[in-house]
Amino acid sequence: MNLLKSLNYNFTQDFFEKNVFNNLYNGVYNKINDQNYINSNSSLEKESLDNIYLIEFVPSFFELKLNNKELPLSVFKYKYFKGFMCDLSKASNVKEYMIKQLGKSGNKLVIRRLKRLETCFDISYKVYCGDIEEAKCAEIIERLRLMIEKRFVQRGDVHSSLKNWDYYKKATYNMILDKKACLFVIYSNNIPISISLDYLYENIFESAISSYEIDYSKFGLGNIIILKKMEWCFDNGYHVFNMRYGDYPYKRYWCNTVFDYTSHVIFNKKSLSKTFKAFLIKKVNQAMGYIIMNKERFVILTKLKSLLRNKNKHVDDTKNNSTDLVFEEIEDYNHLKGSKRDIIDLTKDKYAFLRKYVYDFQYLQSARYDNISIYEIKDNDNKIYQIENDKVNKFFSIKPNILLETITK
């Protein structure tokens with residue numbers, strides 16, 4: 001629709017992730033640290049007046065200065081989405097922040113899960129900022145992509161970052177070397193189980209793209225990696241931990257500040273038609289933003305979108321999507337005693353479907369990975385599995401999720 005045609009930009013992605021400062025602005029004022037940044041690439045051609053520009057996701061802690069000294073540019077501004085951030089200046093360390101924000105019980109819950117994770121597995125933490133091998137960077141970025149895909153298949157959704165993944169593959173290495181980006185990794189037995197790609201600007205830490213292995217979901221890896229990133233921010237002088245846009249419960253759980261992301265519609269103010277079109281673009285996008293932010297009121301639209309997205313979509317059932325299976329514990333297993341059993345190596349891909357059940361067992365029993373044994377037992381035509389350590393012995397069977405099959409047929 002030509003009436004609503006505009007050149008669209010995501011300011012947050014361009015500025016933080018690509019180090020691109022749109023030449024429609026000649027400077028930015030960072031309200032958080034009272035610093036000005038001058039745009040060195042602010043020259044504009046007269047042809048710029050021919051277009052209308054939509055600049056989205058401008059954080060309200062930035063004040064952008066329109067480049068209108070030589071050209072008659074003007075701007076309509078409107079609030080777009082809510083942003084969520086942790087103002088770390090209100091605490092002296094991560095423990096103080098967590099107790100203030102999460103409460104004593106919330107703090108204890110996160111720490112208890114952290115200790116349980118470290119009890120059950122050989123856990124290590126690594127921050128790549130300023131130094132990383134190029135091959136290692138590529139390996140971690142690829143692992144992050146796979147985690148995101150697996151996580152969002154489970155949710156029946158698609159992560160917005162995947163459409164720009166080629167850029168992240170190409171740009172992340174150099175940005176880490178320049179200390180404009182960093183990778184946080186939680187390792188279990190030297191294998192990444194949670195990864196976060198984040199961006200740095202002055203005293204602002206932009207928490208951008210994170211994911212984790214869903215088999216470890218019982219341990220609350222999402223909260224643990226936030227804790228580790230926040231520790232790093234306190235140690236390295238970052239006053240803002242920005243979780244960006246998107247209203248999710250975990251953000252409201254961690255964040256002590258809610259702010260606005262605004263959109264700017266920039267146009268030639270001497271053109272009556274351009275002014276009218278810019279105003280119309282503003283109003284239409286405001287309406288769309290309202291629908292998105294109040295999507296629970298538009299359940300039918302959400303369901304329709306989901307149906308259209310998943311129509312004819314094939315999910316590879318060899319992937320570890322344990323929601324396809326139902327684990328049933330066998331209470332009476334006396335008849336299985338003495339049966340031939342084969343020990344299972346859980347690191348092999350063919351046993352990936354067992355990992356979540358085993359990790360849940362470890363969580364509940366505080367069982368270390370090298371102190372448990374897993375077996376496969378043939379009971380006539382059925383396969384029975386056994387987990388044991390020096391305290392607990394469990395037998396269980398696995399069956400297809402009939403309810404899920406019924407829904408998807």
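The values are calculated or read from the model by the stated rules, or taken from the named source; none is laboratory data. Bear in mind that the values here come from a model prediction, so they are computed numbers and not experimental data. In this analysis, Cβ positions are derived from the backbone assuming ideal geometry, glycine residues included, and neighbour counts consider all displayed protein chains.
Have a look at Lys126, Lys90, Lys179 and point out the one that is touching a Phe, Trp or Tyr at 6+ places or on another chain (Cβ under 8 Å) and modelled with pLDDT of 95 or more.
Working: Lys90 fails: modelled with pLDDT of 95 or more; Lys179 fails: touching a Phe, Trp or Tyr at 6+ places or on another chain (Cβ under 8 Å).
The match here is Lys126.
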Condition check for Leu7: surrounded by fewer than 19 Cβ atoms within 10 Å (Cβ to Cβ), within 22 Å of Lys283 (Cβ to Cβ) and within 28 Å of the chain's Cα centre (by Cα) | yes
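How many residues does segment 333-359 hold that are among the charged types (D, E, K, R), in a helix (DSSP H, G or I) and in contact with a strand residue (DSSP E or B) (Cβ under 9 Å, 6 or more places away or on another chain)? Even if it seems obvious, please write down each step before you answer.
To start, the set of residues in segment 333-359 that are among the charged types (D, E, K, R) comprises 337, 340-342, 345, 348-350, 355-356.
Filter once more, keeping what is in a helix (DSSP H, G or I): 349-350, 355-356.
Filter once more, so that each one left must be in contact with a strand residue (DSSP E or B) (Cβ under 9 Å, 6 or more places away or on another chain): 356.
Going through segment 333-359 one residue at a time, the tally reaches 1.
Could you check segment 349-360 and list, in sequence order, the residues that are of a type outside the set (Phe, Trp, Tyr) and under 16 Å from Ile398 (Cβ atoms)? Spell out the reasoning first.
First pass over segment 349-360, keeping only residues of a type outside the set (Phe, Trp, Tyr): 349-350, 352, 354-356, 358, 360.
Selection gives Lys350, Ala352, Leu354, Arg355, Lys356, Val358, Asp360.
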All positions within segment 58-73 that are in contact with a Leu (Cβ under 8 Å, 6 or more places away or on another chain) and in a loop (DSSP other than H, G, I, E, B) | Asn67, Glu70, Leu71, Pro72
When you look at Lys100, is it basic (Lys, Arg), modelled with pLDDT under 95 and surrounded by fewer than 17 Cβ atoms within 10 Å (Cβ to Cβ), yes or no?
-> no
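For Asn36, state whether it is assigned to a loop (DSSP other than H, G, I, E, B), more than 20 Å from the chain's Cα centre (by Cα) and surrounded by fewer than 16 Cβ atoms within 10 Å (Cβ to Cβ). Let's see the steps before the verdict.
Details: assigned to a loop (DSSP other than H, G, I, E, B): no; more than 20 Å from the chain's Cα centre (by Cα): yes; surrounded by fewer than 16 Cβ atoms within 10 Å (Cβ to Cβ): yes.
Taking the combined requirement at face value, the residue does not satisfy it.
The rows are residues; the columns are (1) of a type in the set (Ser, Thr, Tyr); (2) buried (at least 20 other Cβ atoms within 10 Å of the Cβ); (3) assigned by TED's automatic domain parsing to the domain that holds Leu144.
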| site | (1), (2), (3) |
| --- | --- |
| Lys179 | no, no, yes |
| Tyr187 | yes, no, yes |
| Ile191 | no, no, yes |
| Ser196 | yes, yes, yes |
| Asn203 | no, no, yes |
| Ser217 | yes, no, yes |
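Return the residue satisfying two criteria in turn: it lies in segment 85-143 and is in a loop (DSSP other than H, G, I, E, B) and not polar (S, T, N, Q), and of such residues it is nearest to Asn236 (Cα to Cα).
First, pick out the residues of segment 85-143 that are in a loop (DSSP other than H, G, I, E, B): 91-93, 121-122, 129-133.
Subsequent filtering for residues that are not polar (S, T, N, Q) retains 91, 121-122, 129-133.
On the way: Ala91: 14, Phe121: 28, Asp122: 26, Cys129: 11, Gly130: 13, Asp131: 16, Ile132: 18, Glu133: 22 Å.
Filtering first and then ranking leaves Cys129.
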Do the conditions hold for Glu149, that is, is it part of a helix (DSSP H, G or I), acidic (Asp, Glu) and closer than 20 Å to Ile226 by Cβ?
-> no
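I'd like to verify a number: residues in segment 357-372 that are aliphatic (A, V, I, L, M) and under 10 Å from Lys218 (Cα atoms), how many? Step through it out loud before you land on a result.
At the first step, the residues of segment 357-372 found to be aliphatic (A, V, I, L, M) are 358, 364, 367, 372.
From what is left, the residues that are under 10 Å from Lys218 (Cα atoms) are 364.
Qualifying residue count, segment 357-372: 1.
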On the given criteria, is Phe241 touching a residue at least 60 places away in the same chain (Cβ under 8 Å), under 18 Å from Phe16 (Cα atoms) and either in a strand (DSSP E or B) or in the same structural domain as Lys126 (by TED's automatic domain parsing) (or both)?
-> yes
